[in-house]
Amino acid sequence: MVDDVKVIAEVPSFTVTLMVRRYDPEVSEEVKWVDYEVTVYGTDRVLDALHKIKWEIDGSLTFRRSCAHGVCGSDAMRINGRNRLACKTLIKDLDITQPIYVEPIKGLAVEKDLVVNMEPFYKAYRDINPFLIANDKPEKERLQSPEDRARFDDTTKCILCAACTTSCPVFWTDGQYFGPAAIVNAHRFIFDSRDEGAEVRLDILNDKEGVWRCRTTFNCTEACPRGIQVTKAIAEVKQAILKGRP
Amino acid sequence: MSLNEHGTKTHHHQHDVVIVGAGGAGMRAAIEAGPHLKTAVISKLFPTRSHTGAAQGGMAAALANVEEDSWEWHTFDTVKGGDYLVDQDAAEILAKESVEAVIDLENMGLPFNRTPDGKIDQRRFGGHTRDHGKAPVRRSCYAADRTGHMILQTLYQTCVKLGIEFFNEFYVLDLVMADYNGEKRPSAVVAFELATGDLHVFQGKSIVFATGGFGKIYKTTSNAHTLTGDGVGIIWRKGLPLEDMEFYQFHPTGLAGLGILLSEAARGEGGILRNALGERFMERYAPTIKDLAPRDMVARAMANEVREGRGAGPNKDYVLLDLTHLPPEVIDAKLPDITEFARTYLGVEPYTEPVPVFPTAHYAMGGIPTNVKTEVLSDNDTVVRGLFAAGECACVSVHGANRLGTNSLLDINVFGKRAGRYAVEYAREADFVPVPENAISEVEKLLAIARNATGTEKVAVLRKELQDTMDKNAQVYRTEESLNEALEKIAELRVRYQNIQVQDRGKRFNTDLLEAIELGFLFDLSEVLVMTARERRESRGGHFREDYETRNDEEFMVHSMAYKLDKTPEKPGEDIRVDWKPVTVTNYPAMERKY
């Protein structure tokens, strides 16, 4: 079937150069940019090009990936200076007359090539109590109106890829800042009519490393591969803190 | 921690319950076990990266929130959908416990779509009917078209709340069995830590496999790169049987050429399949429920349209999923993700253009045989005490020869929960089985082969050739000849596999090495699938033999049970024995399957 893709695709096949930021502390402490030339098809994504390099040229090139269609959140990386998912970025949509620059997301320690240490990111997520807090013991489902359900729909889409948090200039300079993704996940519960933990979460995010560090640069919203209105969600959390309730 | 002569660091852990896999089934089991006993979840991925998150359409349960429904109708649909190869006692449990499973998730916080009066909303899905096939019924509970994503997130959130202990990016590569009081019992699993290359031995009283599927044996697949069937492969290498491996589901609506899944919910919401002539061809194949026929029938109908020259596109090799008659606001509210896939990956606008689709390898109905308590079986009825399996890796069997859409998200919740519960029940009474001194030797061997691999064959090339032959010879249509061709090819690839190269020589994040090891599991499972497909000389559910076009209940209303023989084959497949196991029938004698 893959061969037939050529027909569906607008661009049959073409050659591109990828410049990949390589780093393997087992080999050397030095970071280097390595260029690779690969032939790709119109429906190929940056992830396909990286696989081509790994599978045909250099098996040691290391990156995370799984679902390959933008739902698992494994392969956020910086592509031509913008945070994106490699599996959702079609090569033909980039400027292919120039090399495509691929590097790890910023603000988290690089482990090897495009793999970063995600633990500080996950910790910020865990710290906002990312789970339903409710003391009632319903026998059936809790009721929720479609309007109440719609209130937090956008922030349920988060896939924890870290594209937003690692595009945030505040996070780059202060790794202690909770960051957009943690706030998005707090929003998902704060605005859920079934949840009773808003006060606790708002208190956590009122911290000096909380929402007030956001400088509304909108980088996060632009970076989100799920189209979440991240900056808006952060603003809603700020409002809720001022009001003392969602 | 210990260091052996190869310089491998080995760490030792002990937990009452050890769960392998952090998708839906694994985490549902952990939520059940964690509050009671010391529990570890070991996963090759960070939990929310698991492929449960890619499931879209919904989770079946006869809540009857929007129209009359009953668990008995759901049981019947499951049995009929599975072409009567379903164990009916298991299907009854699935349908009965579905309501509790959905309520559990809602109570954990899952944001289901709601009816105007605030209840969980439900929609139609293929093969789910009212009153034994009379008309489609609204049984699927859903959260837009990202129900799997919401289930995975909700289960992980609940695990965080409960403080479940995870070992993420740990690849389990072996199950250690030991003789204990005269029987073979599981003692531990051995895992490879991606970040360091260290080995970890996890001793457990109860060990639960929830490792998911193995769609990467095929080229065109909806499955993630990581779905290489390591868990099922490990069980196979231990000499334990695998059940119904010939039954592999091809989902009708994969994006043409890419295999990316477009949910059946698209048809549940009114989408129509059309051929190049614009004809709604499902009217000819399933006059009553048309586009909402079960997946095996729709996939075959699509393949048949293409074969008979009515395919669309320049190569006439796909059909079209037409959503253009649906109001854009319905598409946006109910199918936002999948319509975005069409836009992103094919540049097609589903509001105004039909979407090119073709069947994509999706789901393994077969796997590790278990009873309804999720206990793993070593033959037709002997339990391996202390070993459990649930979810796609297991075969209980609720899906029989063809799974209904929305029954897999249900399966992982119902049987994942059961796995947790029975693992706890067992571990409370059982002792730890001592870990043998050579516990890591099998994994050491695997790693040594890959680490020293300086041959000329590329892993990716062998994998692609395997996937090509499986797509060509063991897909929607199969014959004795095509299956033999696949068998020969796999044997050839196995020989070439002895001469592979692994370029990455490091210990840190060595995914090059792991891809080589994963390929070994893909070979094993492909071979079992092909052998069982060859021995099943009939057509049933997802298994269609062009040389035996009809269902043959007299000879084949039985599950296949494949066993690995301890011998070197002279001819491909000779080291696999295929045996049979009776189907459990309670209320539904086999009937002709028409929709």
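Values computed for the structure shown
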read-out: Across chain A: Cys residues that no other cysteine approaches within a C-beta distance under 4.7 Å; value: A:87, A:158, A:161, A:168, A:214, A:224
read-out: Share of Cα-Cα pairs in region B:402-549 lying beyond 28 Å, as whole percent; value: 47
read-out: Square roots of 5 times each gyration tensor eigenvalue, C-alpha, region B:240-287, largest first, Å; value: 27, 15, 12
read-out: Cleavage-rule hits, trypsin sites (Lys or Arg not before Pro), region A:144-246, DSSP coil, Cβ neighbours within 10 Å at most 14; value: A:208, A:215
read-out: Loop chymotrypsin sites (Phe, Trp or Tyr not before Pro), region A:164-246 (other Cβ atoms within 10 Å of the site Cβ: 16 or fewer; DSSP); value: A:218
read-out: Translational diffusion of the protein assembly as shown, µm² s⁻¹ [Kirkwood Rh, Cα pairs; Stokes-Einstein; 37 °C; 0.692 mPa s]; value: 122
read-out: Expected 222 nm ellipticity per residue - DSSP helices of 4 or more, -39500 (n - 2.57), all of chain A, to 500; value: -7500 deg cm²/dmol
read-out: 15 Å cut-off, amide nitrogen to a point 7 angstrom out along residue A:140 Cα→Cβ, residues in region B:72-110; value: B:99-104, B:106-107
read-out: Residue-count net charge about residue A:224 - beta-carbon cut-off 12 Å; Lys, Arg +1, Asp, Glu -1; value: +4
read-out: Per-residue mean of C-beta atoms belonging to partner chains within 10 Å, peptide B:156-163; value: 4
read-out: Cα point-scatterer Debye curve for chain B, base-10 log of I(q)/I(0) at q = 0.07, 0.09 Å⁻¹; value: -0.38, -0.65
read-out: Neighbour net charge for residue A:56 - beta-carbon separation under 12 angstrom, K R +1, D E -1; value: +1
read-out: Value of Rg/Rh across region B:54-126 [Cα atoms, Kirkwood radius]; value: 0.98
read-out: Of every Cα-Cα pair in region B:59-174, the percent that sits beyond 17 Å; value: 61
read-out: Linear extension gain, residue A:39 paired with residue A:173, 0.36 nm per residue minus alpha-carbon span; value: 44.4 nm
read-out: Per-residue [θ]222 nm for chain B (sum of -39500 (n - 2.57) over DSSP H runs n ≥ 4, rounded to 500); value: -10000 deg cm²/dmol
read-out: Residue-averaged beta-carbon neighbours from other chains (10 angstrom radius) around B:113-126; value: 3
read-out: Three principal axis lengths of region B:286-355 [C-alpha, angstrom, descending]; value: 34, 32, 18
read-out: Gain in span if fully extended, residue B:379 to residue B:594, counting 0.36 nm per residue against the direct Cα distance; value: 74.1 nm
read-out: Region A:119-243 pair-distance distribution - Cα-Cα, 5 Å bins, rounded %; value: 2, 12, 23, 24, 20, 10, 5, 3, 1, 0
read-out: Rg(Cα) / (2.2 N^0.38 Å) computed for region A:2-116, rounded to two decimals; value: 1.04
read-out: Of A:52/B:458; A:137/B:334; B:216/B:290; A:52/B:216; B:458/B:571, those spanning more than 23 Å from alpha-carbon to alpha-carbon; value: A:137/B:334; B:216/B:290; B:458/B:571
read-out: Binned Cα-Cα distances of chain A, short to long, each 5 Å bin given as a whole percent; value: 1, 6, 13, 16, 16, 13, 11, 9, 7, 5, 3, 1, 0
read-out: Charge-dipole axis of region B:505-595 as Lys and Arg at +1 and Asp and Glu at -1 on Cβ define it, positive-most pick from B:573, B:521, B:591; value: B:521
read-out: Alpha-carbon radius of gyration plus Dmax, which is the widest Cα pair, for region A:160-228 in Å; value: 12.1, 36
read-out: Subset of B:184/B:205; B:44/B:507; B:238/B:567; A:232/B:161 violating a 20 Å alpha-carbon distance limit; value: A:232/B:161
read-out: Calculated P(r) of region B:156-268 - Cα pairs past 18 Å, %; value: 65
read-out: Cα centroid separation, region B:112-153 to region B:233-312 (Å); value: 20
read-out: Förster radius 35 Å - calculated FRET efficiency between residue A:215 and residue B:329 (Cβ-Cβ, nearest 0.05); value: 0.50
read-out: Per-residue ³J(HN,Hα) for region B:103-120, Karplus 6.51 cos²θ - 1.76 cosθ + 1.60, θ = phi - 60°, Hz, x for Gly and Pro; value: 5, 3, 5, 4, 5, 6, x, 4, x, 5, 5, 10, 7, x, 8, x, 7, 5
read-out: For B:145-155, mean number of other protein chain Cβ atoms within 10 Å; value: 3
read-out: Karplus 3J(HN,Hα) series, Hz, for region B:300-310 with 6.51 cos²θ - 1.76 cosθ + 1.60 (x for Gly, Pro); value: 5, 4, 5, 4, 5, 4, 5, 4, 8, x, 9
read-out: Region B:523-595 and region A:143-221: distance between their alpha carbon centers, rounded to Å; value: 51
read-out: Residue B:66/residue A:232 FRET efficiency (R0 30 Å; Cβ-Cβ; nearest 0.05); value: 0.40
read-out: Added length on full extension, which subtracts the Cα-Cα distance from 0.36 nm per residue, residue B:134 to residue B:488; value: 122.9 nm
read-out: Label-point separation in nm, residue B:353 to residue B:438, each point 7 Å along Cα→Cβ; value: 6.1
read-out: With at most 15 other Cβ atoms within 10 Å, longest stretch of chain B clear of loop GluC sites (Glu not before Pro) (DSSP); value: B:69-278
read-out: Cβ-defined net charge surrounding residue A:134, 15 Å radius [Lys, Arg +1; Asp, Glu -1]; value: -3
read-out: Options B:39, B:301, B:248, ranked by Cα towards positive dipole end of chain B, top entry (Cβ charges); value: B:39
read-out: Among B:382-389, B:156-163, the order from most to least packed when residues are scored by Cβ within 10 Å on average; value: B:382-389, B:156-163
read-out: Stretch in chain A that is longest and holds no GluC sites (Glu not before Pro) that DSSP places in a loop and that have at most 12 other beta carbons within 10 Å; value: A:11-138
read-out: Using a Förster distance of 25 Å, the FRET efficiency for residue B:571-residue B:546 (Cβ separation, nearest 0.05); value: 0.60
read-out: Cα gyration tensor category, rounded, prolate or oblate, for region B:407-448 with a/c compared to 1.5; value: oblate
read-out: Estimated vicinal HN-Hα couplings, Hz - region B:17-32 in sequence order (Karplus 6.51, -1.76, 1.60; Gly, Pro = x); value: 10, 10, 10, 9, x, 10, x, x, 5, x, 6, 5, 5, 5, 5, 6
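All of the numbers you see were taken from the coordinates with simple rules; none came from a lab. All values reported here derive from a predicted model rather than from experimental measurement. All Cβ positions, even for glycine, are placed from backbone atoms using ideal geometry, and neighbour counts span all protein chains on display.
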